[in-house]
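Please read the structure below before turning to the comments.
The values are calculated or read from the model by the stated rules, or taken from the named source; none is laboratory data. Every value quoted in this text rests on a predicted model; they were computed, and no experiment measured them. Cβ atoms come from the backbone with ideal geometry, glycine included; neighbour counts cover every protein chain shown. We work out accessible area using only protein heavy atoms, side chains counted, and drop any ligands, DNA or RNA first. Shrake-Rupley method; radii C 1.70, N 1.55, O 1.52, S 1.80 Å.
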Amino acid sequence: MRGRLAELLEALNNPSLPGIDLELTRMEQLLAVLDHPERKLPPVIHVAGTNGKGSTIAYLRAIYEVAGYHVHAYTSPHLLRFNERMVIAGHEISDAILVPYLEHIVRVTKKIPVTFFEATTAAALLAFAGHPADILLLETGLGGRLDATNVVAKPLATVITPIAMDHMEYLGDSLKKIAAEKAGILKPFVPCISAEQSPEVTEVIAKRAGELRAPMVAWRAEWVEEGITLFINNQSYALPYPGLAGAHQYGNAALAAATVLSLQSSLKTSMEQIWLGVASASWPARLQVLSQGPLVACWKGAVVLDGGHNESAATALAEWAKEQSKPIHLLVGMMQRKDAAAFFRPLASVISSLICVPIPGHPDSYSPDALAKKAKVAGCANVSMASSLTDALRMLEHGGDGVLLVTGSLFLAG
(Lines give C-alpha, C1' and ligand atoms only; values in the text may rest on other atoms or scores of the structure.)
Protein backbone atom coordinates (compact mmCIF):
# COMPACT_ATOMS: atom_id res chain seq x y z
CA MET A 1 0.00 0.00 0.00
CA ARG A 2 2.90 2.37 0.76
CA GLY A 3 4.10 2.08 -2.83
CA ARG A 4 0.62 2.83 -4.13
CA LEU A 5 0.40 5.95 -1.98
CA ALA A 6 3.70 7.21 -3.39
CA GLU A 7 2.46 6.55 -6.94
CA LEU A 8 -0.72 8.54 -6.36
CA LEU A 9 1.09 11.48 -4.77
CA GLU A 10 3.48 11.55 -7.71
CA ALA A 11 0.53 11.45 -10.13
CA LEU A 12 -0.94 14.53 -8.45
CA ASN A 13 2.18 16.59 -9.08
CA ASN A 14 1.02 18.59 -12.09
CA PRO A 15 4.06 20.08 -13.87
CA SER A 16 1.84 22.24 -16.07
CA LEU A 17 0.67 24.24 -13.04
CA PRO A 18 2.79 26.24 -10.57
CA GLY A 19 3.56 24.50 -7.31
CA ILE A 20 1.95 27.36 -5.43
CA ASP A 21 -0.95 29.19 -7.06
CA LEU A 22 -3.31 31.19 -4.90
CA GLU A 23 -6.67 30.87 -6.59
CA LEU A 24 -10.02 29.36 -5.60
CA THR A 25 -11.68 28.84 -8.99
CA ARG A 26 -10.15 25.42 -9.67
CA MET A 27 -10.76 24.30 -6.09
CA GLU A 28 -14.41 25.26 -6.29
CA GLN A 29 -14.79 23.40 -9.59
CA LEU A 30 -13.15 20.30 -8.12
CA LEU A 31 -15.32 20.33 -5.00
CA ALA A 32 -18.47 20.68 -7.11
CA VAL A 33 -17.53 17.51 -9.02
CA LEU A 34 -16.86 15.79 -5.68
CA ASP A 35 -20.38 16.70 -4.46
CA HIS A 36 -19.16 19.40 -2.09
CA PRO A 37 -17.48 17.58 0.82
CA GLU A 38 -16.73 21.03 2.35
CA ARG A 39 -20.46 21.29 3.13
CA LYS A 40 -20.51 17.99 5.05
CA LEU A 41 -17.78 18.62 7.61
CA PRO A 42 -18.00 18.70 11.39
CA PRO A 43 -17.72 22.19 12.96
CA VAL A 44 -14.54 23.85 11.70
CA ILE A 45 -11.98 26.01 13.46
CA HIS A 46 -10.03 27.61 10.61
CA VAL A 47 -6.48 28.71 11.47
CA ALA A 48 -4.30 31.13 9.48
CA GLY A 49 -1.17 33.14 10.32
CA THR A 50 2.57 33.18 9.70
CA ASN A 51 4.03 31.44 12.75
CA GLY A 52 2.50 29.13 15.32
CA LYS A 53 -0.35 27.61 13.28
CA GLY A 54 0.73 24.03 13.85
CA SER A 55 1.52 24.61 17.53
CA THR A 56 -1.81 26.35 18.15
CA ILE A 57 -3.61 23.45 16.49
CA ALA A 58 -1.59 21.04 18.67
CA TYR A 59 -2.87 22.81 21.80
CA LEU A 60 -6.45 22.89 20.50
CA ARG A 61 -6.32 19.22 19.61
CA ALA A 62 -4.85 18.26 22.98
CA ILE A 63 -7.48 20.23 24.89
CA TYR A 64 -10.43 18.85 22.94
CA GLU A 65 -9.13 15.29 23.07
CA VAL A 66 -8.62 15.51 26.84
CA ALA A 67 -12.26 16.68 26.97
CA GLY A 68 -13.33 13.52 25.13
CA TYR A 69 -14.07 15.00 21.71
CA HIS A 70 -13.25 13.27 18.44
CA VAL A 71 -10.97 15.63 16.52
CA HIS A 72 -10.07 15.83 12.83
CA ALA A 73 -7.02 17.97 11.96
CA TYR A 74 -5.41 19.15 8.75
CA THR A 75 -1.87 20.57 8.80
CA SER A 76 1.03 20.98 6.39
CA PRO A 77 3.73 20.34 5.46
CA HIS A 78 4.57 16.92 6.84
CA LEU A 79 7.91 15.90 8.31
CA LEU A 80 8.33 12.21 7.46
CA ARG A 81 5.06 10.80 6.07
CA PHE A 82 2.39 12.48 3.98
CA ASN A 83 -0.24 10.88 6.23
CA GLU A 84 0.81 13.23 9.06
CA ARG A 85 -1.17 15.99 7.34
CA MET A 86 -4.53 14.37 8.10
CA VAL A 87 -5.77 13.28 11.52
CA ILE A 88 -9.04 11.36 11.46
CA ALA A 89 -10.86 11.34 14.80
CA GLY A 90 -7.60 11.50 16.73
CA HIS A 91 -5.50 9.15 14.58
CA GLU A 92 -3.13 9.79 11.68
CA ILE A 93 -4.91 8.68 8.51
CA SER A 94 -3.97 5.18 7.37
CA ASP A 95 -2.97 4.26 3.84
CA ALA A 96 -6.05 2.02 3.66
CA ILE A 97 -8.32 5.04 4.19
CA LEU A 98 -6.28 7.60 2.26
CA VAL A 99 -5.47 5.67 -0.93
CA PRO A 100 -9.08 5.27 -2.20
CA TYR A 101 -9.70 9.01 -1.75
CA LEU A 102 -6.53 9.86 -3.65
CA GLU A 103 -7.42 7.38 -6.41
CA HIS A 104 -10.75 9.17 -6.79
CA ILE A 105 -9.03 12.54 -6.90
CA VAL A 106 -6.55 11.32 -9.55
CA ARG A 107 -9.45 10.19 -11.75
CA VAL A 108 -11.34 13.46 -11.35
CA THR A 109 -8.36 15.75 -11.84
CA LYS A 110 -7.62 14.30 -15.27
CA LYS A 111 -10.36 16.66 -16.46
CA ILE A 112 -9.80 19.44 -13.89
CA PRO A 113 -6.11 20.35 -13.63
CA VAL A 114 -5.28 21.45 -10.09
CA THR A 115 -2.17 21.97 -7.99
CA PHE A 116 -0.84 19.31 -5.64
CA PHE A 117 -2.07 21.18 -2.57
CA GLU A 118 -5.53 21.67 -4.06
CA ALA A 119 -5.79 17.98 -4.94
CA THR A 120 -4.60 16.71 -1.57
CA THR A 121 -6.75 19.23 0.30
CA ALA A 122 -9.76 17.95 -1.62
CA ALA A 123 -8.83 14.39 -0.63
CA ALA A 124 -8.59 15.51 2.99
CA LEU A 125 -12.02 17.15 2.85
CA LEU A 126 -13.47 13.93 1.43
CA ALA A 127 -11.90 11.96 4.28
CA PHE A 128 -13.10 14.40 6.93
CA ALA A 129 -16.62 14.44 5.49
CA GLY A 130 -16.69 10.65 5.33
CA HIS A 131 -15.79 10.07 8.99
CA PRO A 132 -17.69 11.42 12.01
CA ALA A 133 -16.01 13.80 14.44
CA ASP A 134 -16.93 16.63 16.79
CA ILE A 135 -14.51 19.23 15.43
CA LEU A 136 -12.17 19.84 12.48
CA LEU A 137 -9.02 21.92 13.03
CA LEU A 138 -8.21 23.25 9.55
CA GLU A 139 -4.86 24.94 8.87
CA THR A 140 -4.33 27.14 5.82
CA GLY A 141 -1.48 26.17 3.55
CA LEU A 142 -0.01 29.57 2.81
CA GLY A 143 -2.23 32.64 2.83
CA GLY A 144 -5.90 32.73 3.66
CA ARG A 145 -8.12 34.63 1.26
CA LEU A 146 -7.29 32.44 -1.76
CA ASP A 147 -5.98 29.40 0.09
CA ALA A 148 -7.39 26.03 -0.97
CA THR A 149 -8.77 25.52 2.55
CA ASN A 150 -10.84 28.72 2.40
CA VAL A 151 -13.92 26.97 1.04
CA VAL A 152 -15.86 26.50 4.30
CA ALA A 153 -18.70 29.02 4.21
CA LYS A 154 -19.41 29.18 7.93
CA PRO A 155 -16.78 27.81 10.28
CA LEU A 156 -17.36 27.70 14.01
CA ALA A 157 -14.50 30.20 14.49
CA THR A 158 -11.48 31.66 12.72
CA VAL A 159 -8.11 31.95 14.44
CA ILE A 160 -5.22 34.21 13.37
CA THR A 161 -1.79 33.34 14.78
CA PRO A 162 1.07 35.91 14.79
CA ILE A 163 1.60 37.50 11.38
CA ALA A 164 5.08 38.37 10.15
CA MET A 165 6.97 38.82 6.89
CA ASP A 166 7.06 35.53 4.97
CA HIS A 167 6.09 34.27 1.50
CA MET A 168 6.24 37.88 0.27
CA GLU A 169 6.39 36.73 -3.36
CA TYR A 170 2.84 35.40 -2.98
CA LEU A 171 1.22 37.43 -0.21
CA GLY A 172 2.64 40.94 -0.61
CA ASP A 173 5.67 42.98 0.39
CA SER A 174 4.29 44.58 3.54
CA LEU A 175 2.76 43.43 6.82
CA LYS A 176 -0.52 45.11 5.88
CA LYS A 177 -0.75 43.22 2.58
CA ILE A 178 0.12 39.91 4.22
CA ALA A 179 -2.39 40.56 7.02
CA ALA A 180 -5.11 41.31 4.45
CA GLU A 181 -4.50 37.90 2.86
CA LYS A 182 -4.53 36.09 6.20
CA ALA A 183 -7.68 37.94 7.31
CA GLY A 184 -9.36 36.57 4.19
CA ILE A 185 -10.50 33.55 6.22
CA LEU A 186 -12.83 35.73 8.34
CA LYS A 187 -16.51 35.04 7.67
CA PRO A 188 -19.71 37.04 8.32
CA PHE A 189 -20.86 36.83 11.95
CA VAL A 190 -18.27 34.13 12.76
CA PRO A 191 -16.10 34.96 15.82
CA CYS A 192 -12.40 35.58 15.22
CA ILE A 193 -9.74 35.02 17.85
CA SER A 194 -6.45 36.70 16.99
CA ALA A 195 -3.05 36.48 18.62
CA GLU A 196 -1.40 39.66 19.84
CA GLN A 197 -0.35 41.46 16.66
CA SER A 198 1.51 44.60 15.65
CA PRO A 199 -0.71 47.72 15.47
CA GLU A 200 -0.78 47.74 11.66
CA VAL A 201 -1.82 44.07 11.51
CA THR A 202 -4.44 44.58 14.21
CA GLU A 203 -5.87 47.46 12.20
CA VAL A 204 -6.21 45.32 9.07
CA ILE A 205 -7.86 42.40 10.89
CA ALA A 206 -10.23 44.68 12.84
CA LYS A 207 -11.26 46.49 9.66
CA ARG A 208 -12.07 43.22 7.90
CA ALA A 209 -13.95 41.93 10.95
CA GLY A 210 -16.00 45.12 11.01
CA GLU A 211 -16.90 44.80 7.34
CA LEU A 212 -18.16 41.25 7.96
CA ARG A 213 -19.66 41.93 11.40
CA ALA A 214 -17.44 39.15 12.66
CA PRO A 215 -17.04 39.46 16.46
CA MET A 216 -13.42 39.90 17.56
CA VAL A 217 -12.86 38.02 20.82
CA ALA A 218 -11.03 40.27 23.29
CA TRP A 219 -8.45 38.52 25.44
CA ARG A 220 -4.97 39.03 26.83
CA ALA A 221 -2.45 36.97 28.74
CA GLU A 222 0.38 37.48 31.17
CA TRP A 223 3.32 35.15 31.71
CA VAL A 224 3.75 34.53 35.44
CA GLU A 225 6.08 32.36 37.49
CA GLU A 226 3.52 29.55 37.66
CA GLY A 227 2.66 29.63 33.93
CA ILE A 228 0.05 31.80 32.21
CA THR A 229 -2.77 34.00 33.45
CA LEU A 230 -5.42 34.41 30.77
CA PHE A 231 -7.98 37.23 30.87
CA ILE A 232 -11.16 36.80 28.82
CA ASN A 233 -14.86 37.59 29.30
CA ASN A 234 -14.07 39.68 32.40
CA GLN A 235 -12.54 36.66 34.12
CA SER A 236 -9.02 35.41 34.74
CA TYR A 237 -7.86 31.83 34.30
CA ALA A 238 -4.65 30.13 35.45
CA LEU A 239 -2.88 27.97 32.88
CA PRO A 240 0.26 25.82 33.26
CA TYR A 241 3.59 26.01 31.49
CA PRO A 242 2.93 25.00 27.85
CA GLY A 243 3.81 21.48 26.81
CA LEU A 244 6.01 22.83 24.00
CA ALA A 245 9.36 24.52 24.66
CA GLY A 246 10.16 28.17 24.07
CA ALA A 247 8.79 31.47 25.36
CA HIS A 248 6.84 31.95 22.11
CA GLN A 249 4.71 28.93 23.03
CA TYR A 250 3.10 30.90 25.85
CA GLY A 251 1.32 32.99 23.22
CA ASN A 252 0.29 29.95 21.16
CA ALA A 253 -1.06 28.16 24.22
CA ALA A 254 -2.93 31.24 25.42
CA LEU A 255 -4.44 31.75 21.95
CA ALA A 256 -5.68 28.15 21.90
CA ALA A 257 -7.12 28.44 25.42
CA ALA A 258 -8.83 31.74 24.54
CA THR A 259 -10.36 30.03 21.50
CA VAL A 260 -11.65 27.13 23.57
CA LEU A 261 -13.09 29.42 26.25
CA SER A 262 -14.85 31.56 23.63
CA LEU A 263 -16.55 28.47 22.16
CA GLN A 264 -17.95 27.02 25.39
CA SER A 265 -21.55 27.22 24.15
CA SER A 266 -20.67 24.86 21.26
CA LEU A 267 -17.92 22.68 22.72
CA LYS A 268 -18.05 22.51 26.50
CA THR A 269 -14.76 22.00 28.33
CA SER A 270 -13.69 22.31 31.94
CA MET A 271 -10.72 24.35 33.14
CA GLU A 272 -9.06 21.13 34.27
CA GLN A 273 -9.32 19.78 30.72
CA ILE A 274 -7.92 23.00 29.25
CA TRP A 275 -5.09 22.93 31.82
CA LEU A 276 -4.21 19.31 31.01
CA GLY A 277 -4.37 19.95 27.26
CA VAL A 278 -2.02 22.95 27.42
CA ALA A 279 0.43 21.00 29.57
CA SER A 280 0.41 17.83 27.46
CA ALA A 281 0.42 19.18 23.87
CA SER A 282 3.14 17.88 21.58
CA TRP A 283 4.21 18.91 18.09
CA PRO A 284 7.31 17.55 16.31
CA ALA A 285 10.20 19.81 15.25
CA ARG A 286 9.25 22.70 17.54
CA LEU A 287 12.28 22.95 19.83
CA GLN A 288 12.10 19.18 20.05
CA VAL A 289 14.91 17.53 21.98
CA LEU A 290 16.07 14.46 20.05
CA SER A 291 16.81 11.30 22.01
CA GLN A 292 18.20 9.06 19.28
CA GLY A 293 19.67 9.06 15.78
CA PRO A 294 23.03 9.82 14.12
CA LEU A 295 23.20 13.41 15.37
CA VAL A 296 22.61 12.35 18.95
CA ALA A 297 25.21 9.61 18.59
CA CYS A 298 27.98 11.95 17.42
CA TRP A 299 27.22 15.11 19.43
CA LYS A 300 28.11 15.13 23.13
CA GLY A 301 25.50 17.68 24.19
CA ALA A 302 21.78 18.05 23.57
CA VAL A 303 20.40 18.02 20.01
CA VAL A 304 17.34 20.21 19.42
CA LEU A 305 15.23 20.29 16.26
CA ASP A 306 13.14 23.25 15.09
CA GLY A 307 11.49 23.96 11.75
CA GLY A 308 11.68 27.76 12.04
CA HIS A 309 12.47 29.43 8.72
CA ASN A 310 11.73 33.17 8.89
CA GLU A 311 12.89 36.20 10.87
CA SER A 312 10.05 36.03 13.38
CA ALA A 313 10.78 32.37 14.15
CA ALA A 314 14.50 33.15 14.45
CA THR A 315 13.72 35.89 16.96
CA ALA A 316 11.84 33.34 19.08
CA LEU A 317 14.75 30.90 18.78
CA ALA A 318 17.17 33.64 19.84
CA GLU A 319 15.13 34.32 22.96
CA TRP A 320 15.18 30.61 23.75
CA ALA A 321 18.94 30.49 23.13
CA LYS A 322 19.54 33.30 25.64
CA GLU A 323 17.93 31.16 28.33
CA GLN A 324 20.31 28.23 27.78
CA SER A 325 23.29 27.79 30.06
CA LYS A 326 25.51 26.20 27.38
CA PRO A 327 26.80 27.44 24.00
CA ILE A 328 24.45 27.16 21.01
CA HIS A 329 25.76 25.67 17.76
CA LEU A 330 23.60 25.82 14.62
CA LEU A 331 23.18 23.31 11.82
CA VAL A 332 21.12 25.11 9.17
CA GLY A 333 19.65 24.36 5.75
CA MET A 334 17.16 26.69 4.04
CA MET A 335 15.10 26.98 0.89
CA GLN A 336 16.24 29.69 -1.53
CA ARG A 337 12.85 31.43 -1.40
CA LYS A 338 13.51 32.32 2.23
CA ASP A 339 15.31 35.48 3.39
CA ALA A 340 18.32 33.77 4.95
CA ALA A 341 20.05 36.97 6.07
CA ALA A 342 16.93 38.08 7.93
CA PHE A 343 16.74 34.64 9.57
CA PHE A 344 20.36 34.73 10.75
CA ARG A 345 20.31 38.32 12.01
CA PRO A 346 18.54 37.70 15.37
CA LEU A 347 20.67 34.60 15.99
CA ALA A 348 24.09 36.02 15.16
CA SER A 349 24.85 37.35 18.64
CA VAL A 350 23.67 34.27 20.56
CA ILE A 351 25.36 31.39 18.73
CA SER A 352 28.91 30.04 19.00
CA SER A 353 29.20 28.38 15.59
CA LEU A 354 27.25 27.53 12.45
CA ILE A 355 27.40 24.74 9.87
CA CYS A 356 25.53 25.35 6.60
CA VAL A 357 24.17 22.31 4.75
CA PRO A 358 22.06 21.62 1.66
CA ILE A 359 18.64 20.04 2.21
CA PRO A 360 18.63 16.48 0.81
CA GLY A 361 16.18 15.99 -2.04
CA HIS A 362 15.59 19.73 -2.50
CA PRO A 363 17.76 21.20 -5.26
CA ASP A 364 16.06 24.56 -4.70
CA SER A 365 17.64 24.87 -1.26
CA TYR A 366 20.58 27.20 -0.66
CA SER A 367 23.99 25.77 -1.42
CA PRO A 368 26.20 25.68 1.69
CA ASP A 369 28.41 28.39 0.19
CA ALA A 370 25.51 30.74 -0.61
CA LEU A 371 23.96 30.18 2.81
CA ALA A 372 27.29 30.81 4.55
CA LYS A 373 27.66 34.14 2.73
CA LYS A 374 24.18 35.18 3.93
CA ALA A 375 25.11 34.18 7.48
CA LYS A 376 28.32 36.20 7.43
CA VAL A 377 26.49 39.26 6.07
CA ALA A 378 24.09 38.90 9.00
CA GLY A 379 27.00 38.94 11.46
CA CYS A 380 27.46 35.25 12.25
CA ALA A 381 30.96 34.13 13.22
CA ASN A 382 32.62 30.69 13.08
CA VAL A 383 30.68 29.75 9.93
CA SER A 384 31.58 26.52 8.13
CA MET A 385 30.08 24.50 5.29
CA ALA A 386 29.24 20.84 4.79
CA SER A 387 28.57 19.37 1.36
CA SER A 388 25.96 16.99 2.77
CA LEU A 389 24.41 15.89 6.05
CA THR A 390 26.86 12.98 6.08
CA ASP A 391 29.70 15.48 5.79
CA ALA A 392 28.15 17.51 8.61
CA LEU A 393 28.04 14.39 10.78
CA ARG A 394 31.75 13.87 10.25
CA MET A 395 32.40 17.48 11.26
CA LEU A 396 30.28 17.02 14.38
CA GLU A 397 31.70 13.63 15.30
CA HIS A 398 33.95 15.06 17.96
CA GLY A 399 31.51 17.81 18.90
CA GLY A 400 32.20 19.66 22.09
CA ASP A 401 29.96 20.80 24.88
CA GLY A 402 26.83 22.75 24.11
CA VAL A 403 23.47 22.53 22.38
CA LEU A 404 23.22 21.64 18.69
CA LEU A 405 20.19 23.38 17.18
CA VAL A 406 19.11 22.03 13.79
CA THR A 407 16.88 24.60 12.12
CA GLY A 408 16.07 26.67 9.01
CA SER A 409 13.46 24.50 7.30
CA LEU A 410 10.72 21.98 8.04
CA PHE A 411 12.11 19.98 5.10
CA LEU A 412 15.47 19.77 6.85
CA ALA A 413 13.74 18.91 10.12
CA GLY A 414 11.97 16.03 8.41
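Observations, loosely collected:
- Relative intensity, log₁₀ I(q)/I(0), of the stretch 1-160 from a Debye sum that treats every alpha carbon as a point, q = 0.09, 0.13 Å⁻¹: -0.26, -0.56
- Residue-by-residue Karplus 3J(HN,Hα) for the stretch 346-362, coefficients 6.51, -1.76, 1.60, Hz, glycine and proline x: x, 8, 4, 7, 10, 10, 9, 7, 8, 10, 9, 10, x, 9, x, x, 10
- Residue (of PRO358, PRO346, LEU330) at the positive-pole extreme of the stretch 310-402, dipole from beta-carbon charges: PRO346
- Computed over protein heavy atoms with a 1.4 Å probe, the carbon and sulfur contribution to the accessible area of the chain reaches 53%.
- Cα-based Kirkwood hydrodynamic radius, the stretch 72-173, one decimal, Å: 14.8
- For the stretch 358-400, a Kirkwood radius taken over Cα pairs fed into Stokes-Einstein (4 °C, viscosity 1.567 mPa s) yields D = 114 µm²/s.
- Considering only LEU276, ALA258, HIS248, the residue lying farthest towards the positive end of the dipole of the stretch 201-290 is ALA258, judged by Cα position with unit charges set on Cβ.
- Our summary gives the stretch 51-133 a relative contact order of 26 percent, counting only alpha carbon pairs under 8 angstrom and 6 or more residues apart.
- Annotation: amide H of LEU405 within the under-5 Å range of VAL304, HIS329, LEU330, LEU331, sequence separation 5 or more or interchain, hydrogens built in the peptide plane.
- Summarising the amide proton neighbourhood of ALA218: residues at separation of 5 or more, or on other chains, whose placed amide H is nearer than 5 Å comprise an empty set.
- Per residue accessible area in Å² of the chain, where ligands, DNA and RNA are left out and the probe is 1.4 Å: 43
- Candidate cross-link partners of LYS154 among the aspartates and glutamates, defined by an alpha-carbon separation under 19 Å and a same-chain spacing of 8 or more, comprise GLU28, ASP35, GLU38, ASP134, GLU139, GLU181, GLU211.
- Whole-Å semi-axes of the chain's equivalent ellipsoid (Cα gyration tensor): 33, 27, 21
- Ranking GLY408, ALA180, GLN235 by how far each Cα lies toward the positive end of the dipole of the chain (charges on Cβ) leaves ALA180 at the top.
- Per-selection Kirkwood Rh - the stretch 115-162 (Cα, Å, 1 d.p.): 11.9
- Exceeding the 22 Å Cα-Cα cut-off - candidates LYS207/LYS338; LYS40/LYS111; LYS338/LYS376: LYS207/LYS338; LYS40/LYS111
- About its Cα centre, the stretch 155-296 has a charge dipole of approximately 440 debye under the convention of +1 per Lys or Arg Cβ and -1 per Asp or Glu Cβ, with nothing else charged.
- In percent, rounded to a whole number, the relative contact order of the chain is 15, using alpha-carbon pairs under 8 Å and six or more apart.
- In order along the stretch 376-386, phi translates into HN-Hα couplings of 5, 4, 7, x, 6, 10, 6, 8, 10, 10, 10 Hz, rounded to whole numbers, per the Karplus curve 6.51 cos²θ - 1.76 cosθ + 1.60 with θ = phi - 60° and x for Gly and Pro.
- Computed over every Cα-Cα pair of the stretch 228-349 and binned at 5 Å starting from 0, the pair-distance distribution P(r) comes out as 2, 9, 17, 18, 16, 14, 10, 8, 5, 1, 0 percent.
- The charge dipole of the stretch 1-126, taken about its Cα centre with unit charges on the Cβ of Lys, Arg, Asp and Glu (plus for the first two, minus for the last two), comes to roughly 80 debye.
- Across the stretch 255-315, Cα-Cα distances exceeding 19 Å account for 56% of all pairs.
- At 1.567 mPa s and 4 °C, Stokes D of the stretch 198-273 from Kirkwood alpha-carbon radius, µm² per second: 94
- Spin-label pair SER94/HIS36, simplified geometry with 7 Å Cα→Cβ offset, distance in nm: 3.2
- Rounded to whole numbers, the Karplus 3J(HN,Hα) couplings from phi for the stretch 309-314 are 8, 9, 4, 5, 5, 5 Hz, using 6.51 cos²θ - 1.76 cosθ + 1.60 with θ = phi - 60°, and x at Gly and Pro.
- Dipole magnitude of the chain about its Cα centre (Cβ charges: Lys, Arg +1; Asp, Glu -1), debye to nearest 20: 400
- For the stretch 5-95, fraction of C-alpha pairs farther apart than 16 Å, in %: 69
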